[in-house]
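What follows is a short report on a single structure.
The values are calculated or read from the model by the stated rules, or taken from the named source; none is laboratory data. This one's a predicted model, so the numbers in the text were calculated from it and none came from an experiment. Every residue, glycine as well, gets a Cβ built from its backbone with ideal geometry; the counts of neighbours run over all protein chains shown.
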Amino acid sequence: MKDVIIIDGENQILGRLASTVVGYLKEGYRVVILNSEKIVISGPRNRVVNGYMLLFGIGTLFNPYKQGVRRPRSPINIVKRTIRGMLPKNHKGVTMLKMVKVYVGVPEEFKGKEVIRLEDADANRLGGKYITVGELSKVLGWKVNVK
């Protein structure tokens, strides 16, 4: 195993961030993503929200009125699900997904450590509109744990 790479997700584009993370995983690194609620998804707010809401309407063949598969609502699960979709669909992909840790905010153990910002995934490159994963999660029904 190689070292751990800590990535700050603030103002990073979700798809570009996920594809870079998959590259690191294939090289054998462990990856930690901080500030997952501040990662952005490009596109107008209504289109992005409606696209994710379509997933909730999918049922199963045997019981079309009941939701078949659990859908991600929290920022952590949305980011991990995006990364999972880019990994190989075999045992190796499952092992690589276990090497990814995603956090909302910055936990105490990572404060003061060196973090990486991906230049090719920076949201300043976007010319149009975008929505953060945190905003999307609240619309989808994410219940924030209040401590």
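Assorted remarks:
- Being farther than 18 Å from Ser137 by Cβ, in contact with a helix residue (DSSP H, G or I) (Cβ under 9 Å, 6 or more places away or on another chain) and at pLDDT 90 or above is not true of Leu34.
- For the range 70-87, the set of residues classified as part of a loop (DSSP other than H, G, I, E, B) and surrounded by 13 or more Cβ atoms within 10 Å (Cβ to Cβ) consists of Arg71, Pro72, Arg73, Ser74, Leu87, listed by residue number.
- Considering residues of the range 117-143 that are surrounded by fewer than 13 Cβ atoms within 10 Å (Cβ to Cβ) and not basic (Lys, Arg) only, the residue farthest from Phe56 (Cα to Cα): Glu119
- Within the range 72-83, residues that are touching a residue at least 40 places away in the same chain (Cβ under 8 Å) and under 22 Å from Gly57 (Cβ atoms) have Cβ atoms under 9 Å from residues that are charged (D, E, K, R) and not in a helix (DSSP H, G or I) in these pairs: Arg73/Lys143; Ser74/Lys143, counting only partners at least 6 apart in sequence or on another chain.
- Among the residues of the range 112-147, the ones that are of a type in the set (Asp, Glu) and within 13 Å of Ile13 (Cα to Cα) come to 3 in all.
- Just one of the listed residues (Gly93, Gly128) is at pLDDT below 90 and either part of a helix (DSSP H, G or I) or under 15 Å from Ile41 (Cβ atoms) (or both), namely Gly128.
- With respect to the conditions (1) under 29 Å from Asp3 (Cβ atoms); (2) in a helix (DSSP H, G or I), Lys113 lacks only one, and its number is (2).
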